[in-house]
Amino acid sequence: MADSPATRSPILLLFMAICLLASSLAAAETPEVRIGVLSHRGDEATLRNWSPTADYLSRVIPEYHFIIVPLDFREIEPAVRDGTVDFLLVNPGIYVNMEVRYRISRIVILNNLINNRASNVFGGVIFTRSDRKDIRKLEDLRGKNLMAVDKTSLGGFQMTWKELEKIGINPYEDTESLQFGGTHDAVVQAVQHGKADVGTVRTGILENLAEGGTTAAGEFRILGEKKNARYPFSHSTQLYPEWPFSQLQHTPAQLARRVAVALLQMSPLEPAAQWGEYAGWTTPLEYQPVHDLLRDLHLPPYDRPERFTLSDAIEKYWYWLLITMAFLLFMLVMTSWVVRLNQALKKSKSMLERQHNLILDSVADGIYGVDLQGNATFINKAVTEITGWRAKDLIGSNQHQLLHHTRQDGSPNPGTECPVYLTFREGKPRYVEEDLFWRRDGNSIPVEYSSTPIRNEQGDIVGSVVVFRDISARKQAAEADRQYQMELAHVARLSTMGEMASGMAHELNQPLTAIATSADACIRLLESGTPPTDKVVDVLETISTQARRAGGIIQQLRQFVRKEEPRHTQVQINQLIEEVLLLLEPEIRKAGIRVVRDLDTEIPLVHAQHIQIDQVILNLIRNAIEAMSEIDEGKRILTLRTRSAGGNAVITSIEDTGPGADRELQDKLFDPFVTSKSHGMGLGLSISMAIINAHNGNLYYDAQGHKGAIFRFTLPVSEASNEQ
């Protein structure tokens with residue numbers, strides 16, 4: 001294969017022409033033997049290279065006339081199947097396929113001539129143009145255009161496929177495109193002219209084309225090149241046996257033996273060998289590597305699973321069967337053990353569930369679960385006892401529509417605002433101090449409840465659990481306590497008025513005396529006959545003024561001692577202070593106390609019960625009056641202050657210049673029956689504290705940096721004041 005036909009001597013050409021003429025003359029009289037040859041480089045090249053071999057056989061075996069039939073890759077199987085050829089010379093991949101399918105058998109194997117050295121193996125070469133800087137190794141084939149000879153070409157595709165599979169590249173999936181040129185020369189030309197990025201052909205093709213001048217030296221780069229000292233051609237794959245010369249089943253065995261002997265006896269100097277560019281023929285090699293390649297790639301004849309009988313399996317895998325049986329026996333033992341464990345776990349689970357239910361049912365509070373759709377998933381016994389709803393009524397039903405559908409005022413309670421829903425939607429626990437649940441009989445019950453999200457093992461929220469308590473008894477007790485406090489406050493007011501009776505009688509006596517005196521003076525003026533009008537008017541104005549004064553005192557007394565309805569109104573603290581000072585004016589004057597009013601006229605209104613706050617102010621002022629009775633009269637000062645506390649509350653301060661409270665007594669000032677007075681009951685401050693607490697305010701004693709006592713109380717600003 002090192003010398004091309006163009007370089008052979010004219011004498012050799014003349015000899016071959018004579019042989020061809022002689023063969024054609026003899027062909028008319030002798031039987032024809034057809035040799036099918038794979039035309040992997042085109043029909044013309046195939047006839048040129050292999051016709052001398054046919055002539056050689058015709059000369060050595062004159063009883064037969066041998067001819068060459070070029071076959072492309074798709075014509076081979078029909079020719080073998082139909083018996084249109086008697087012998088076959090193809091690549092090892094096609095031979096193995098035909099061997100399995102049609103029982104052809106190899107008789108000799110080609111001994112190729114490579115650089116004047118005989119070789120009976122070949123491989124595949126993967127190449128690209130040397131100026132392609134982006135393709136330097138086999139891994140660079142990803143996303144490139146690959147051209148091969150044919151799907152059935154062993155050296156021109158299948159060997160390359162096997163090498164690419166080793167590095168994880170599937171030529172059908174990992175390349176941009178996979179094309180087939182049909183011949184080795186077409187593949188080389190496609191890469192040479194840039195129509196393909198990478199090509200693959202059998203070994204020796206590139207060297208022959210370069211020697212013939214079709215390509216230039218160094219024009220191509222070999223990818224994944226392997227080194228083999230005994231194989232001089234560049235190759236990218238492992239080496240496989242060369243092309244076999246095979247007989248078909250219908251070919252006579254005697255003819256096959258004579259052909260095999262003739263080919264084995266062919267000298268390397270025989271013109272047929274030189275035209276075919278080979279060094280002769282040798283005995284067949286082992287083709288198992290070719291079988292392995294086709295089997296690994298699942299190519300014909302290994303594209304279908306083989307029949308595999310039970311006896312084949314036992315013979316081939318008997319030790320695996322023993323291991324499997326031992327494993328099955330072990331698994332049987334383990335399964336029985338797991339079944340027993342599972343039964344014990346089920347029993348334990350059942351006991352835990354019973355204990356869980358007993359624990360839930362032993363709790364006096366109602367407990368029920370809710371899924372993400374708002375349906376109840378479980379309830380305890382207390383839920384039925386409190387609400388009347390049974391488990392079959394609640395479980396699987398929407399708990400909001402049964403328990404929480406309506407507010408106290410009768411308006412619908414939308415589910416979007418339900419704290420139970422918001423718990424698992426926002427993932428935050430909630431506590432509701434007071435709300436309504438609805439019983440099965442249609443009545444409502446006041447409840448307090450908490451709602452806590454439930455999470456699964458992955459931390460995802462799957463619902464919530466609600467724990468609620470009926471607070472009817474507590475609300476009744478709170479109402480009874482409130483009524484008691486009101487009665488106690490009323491009694492305290494009556495007691496206070498009793499203590500103030502003498503002072504109030506004197507205070508009323510003054511305007512009444514003034515009215516009587518003025519009335520007498522008015523009568524005398526009228527009896528004089530011609531009374532002066534201006535003097536009569538002055539006297540009547542005096543009577544009117546004193547009457548209004550007496551009426552105001554009496555009205556204030558009536559309001560203070562009467563029982564007030566438990567309702568809050570918007571009141572002005574400064575006005576309440578003035579009302580109380582009107583009642584206490586006799587005591588203040590009698591005690592010689594100077595009153596200082598430091599009242600903020602801009603303070604907002606507060607939401608309070610009028611009389612109760614009057615009572616608090618009166619109690620604190622009377623305590624201050626009594627505290628200052630022990631000091632000199634000129635030092636007795638009562639200061640009343642009001643201030644706004646950030647727009648949310650109003651602070652009222654009652655300050656005196658008395659001795660202040662003892663340190664031991666300060667922590668107990670607001671306890672019932674605690675007093676520093678010899679004649680007091682110790683209920684005034686306790687009642688005042690209860691009243692302020694009921695108004696959501698705060699009453700405290702402030703003795704820091706002040707000589708005397710300071711009592712302060714705060715009241716929240718009404719919503720109407722905030723809106724203004």
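The values are calculated or read from the model by the stated rules, or taken from the named source; none is laboratory data. Keep in mind it's a predicted model, so treat the numbers as computed, not measured. Every residue, glycine as well, gets a Cβ built from its backbone with ideal geometry; the counts of neighbours run over all protein chains shown.
For this structure, a couple of remarks:
- Here Asp303 clears all of (1) in the same structural domain as Glu99 (by TED's automatic domain parsing); (2) surrounded by 11 or more Cβ atoms within 10 Å (Cβ to Cβ); (3) part of a loop (DSSP other than H, G, I, E, B) except the condition numbered (1).
- Filter result for Asp614 (more than 29 Å from His568 (Cα to Cα), buried (at least 17 other Cβ atoms within 10 Å of the Cβ) and either in contact with a His (Cβ under 6 Å, 6 or more places away or on another chain) or modelled with pLDDT of 80 or more (or both)): no
- Matching option when the condition is out of contact with any Cys (no Cβ under 8 Å at 6 or more places or on another chain), more than 29 Å from Ala54 (Cβ to Cβ) and not assigned by TED's automatic domain parsing to the domain that holds Tyr287, among Asp140, Asp150: Asp140
- None of Leu269, Leu329 is without any contact (Cβ under 8 Å) to a residue 40 or more places away in the chain and either basic (Lys, Arg) or assigned to a helix (DSSP H, G or I) (or both) except Leu329.
- Scanning region 392-414 for residues that are over 35 Å from the mean Cα position of the chain (by Cα) and not in a loop (DSSP other than H, G, I, E, B) turns up Lys392, Asp393, Thr406, Pro412.
- Here is the figure for region 88-123: residues that are over 23 Å from Val69 (Cβ atoms) and either hydrophobic (A, V, I, L, M, F, W, C) or touching a Lys or Arg at 6+ places or on another chain (Cβ under 6 Å) (or both) total 4.
Yes/no matrix, rows are residues, columns are (1) modelled with pLDDT under 85; (2) assigned by TED's automatic domain parsing to the domain that holds Asn357; (3) assigned to a strand (DSSP E or B):
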position	(1), (2), (3)
Ala376	no, no, yes
Glu385	yes, no, no
Thr416	yes, no, no
Tyr431	no, no, yes
Arg440	no, no, no
Glu448	no, no, yes
Thr452	no, no, yes
Glu457	yes, no, no
Val465	no, no, yes
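- Only strands (runs of 3 or more DSSP E) whose full extent lies in region 575-670 are considered here, and none of them has at least 2 residues that are under 14 Å from Arg712 (Cα atoms), in contact (Cβ under 8 Å) with a residue 60 or more places away in the chain and among the acidic types (Asp, Glu).
- For Met1, the conditions (1) farther than 30 Å from Leu154 by Cα; (2) at pLDDT below 80 all hold with the exception of (1).
- Single residue of Asp86, Asp55, Asp72 found to be under 60 Å from the mean Cα position of the chain (by Cα) and among the charged types (D, E, K, R): Asp72
- Single unsatisfied condition, Thr46 versus (1) in contact with a helix residue (DSSP H, G or I) (Cβ under 9 Å, 6 or more places away or on another chain); (2) part of a helix (DSSP H, G or I); (3) surrounded by 17 or more Cβ atoms within 10 Å (Cβ to Cβ): (1)
- Every residue from region 206-222 that is within 60 Å of the chain's Cα centre (by Cα) and either surrounded by 14 or more Cβ atoms within 10 Å (Cβ to Cβ) or among the aromatic types (Phe, Trp, Tyr) (or both): Leu206, Glu219, Phe220, Arg221, Ile222
- Residue match in region 124-140 (condition: under 21 Å from Asp303 (Cβ atoms), under 48 Å from the mean Cα position of the chain (by Cα) and free of Cβ contacts under 8 Å to residues at least 40 places away in the same chain): no
- Summed over region 93-131, the residues that are part of a loop (DSSP other than H, G, I, E, B) and either touching a strand residue (DSSP E or B) at 6+ places or on another chain (Cβ under 6 Å) or modelled with pLDDT of 90 or more (or both) give a count of 6.
- Residue match in region 147-160 (condition: surrounded by fewer than 20 Cβ atoms within 10 Å (Cβ to Cβ) and part of a loop (DSSP other than H, G, I, E, B)): yes
- For region 70-92, a residue qualifies if it is over 19 Å from Val201 (Cα atoms), outside any helix (DSSP H, G or I) and among the charged types (D, E, K, R), and the qualifying residues are Glu75, Asp86.
- Subset of region 408-426 [surrounded by fewer than 13 Cβ atoms within 10 Å (Cβ to Cβ) and not acidic (Asp, Glu)]: Gln408, Gly410, Ser411, Pro412, Pro414, Thr416
- Here is the figure for region 628-638: residues that are surrounded by fewer than 21 Cβ atoms within 10 Å (Cβ to Cβ) and either under 18 Å from Ile577 (Cβ atoms) or not β-branched (Val, Ile, Thr) (or both) total 7.
- When residues of region 165-196 are limited to those that are closer than 22 Å to Val290 by Cβ and within 40 Å of the chain's Cα centre (by Cα), the one surrounded by the fewest Cβ atoms within 10 Å (Cβ to Cβ): Tyr172
- Test: residue in region 225-243 that is touching an Asp or Glu at 6+ places or on another chain (Cβ under 8 Å) and more than 23 Å from Gly93 (Cα to Cα): no
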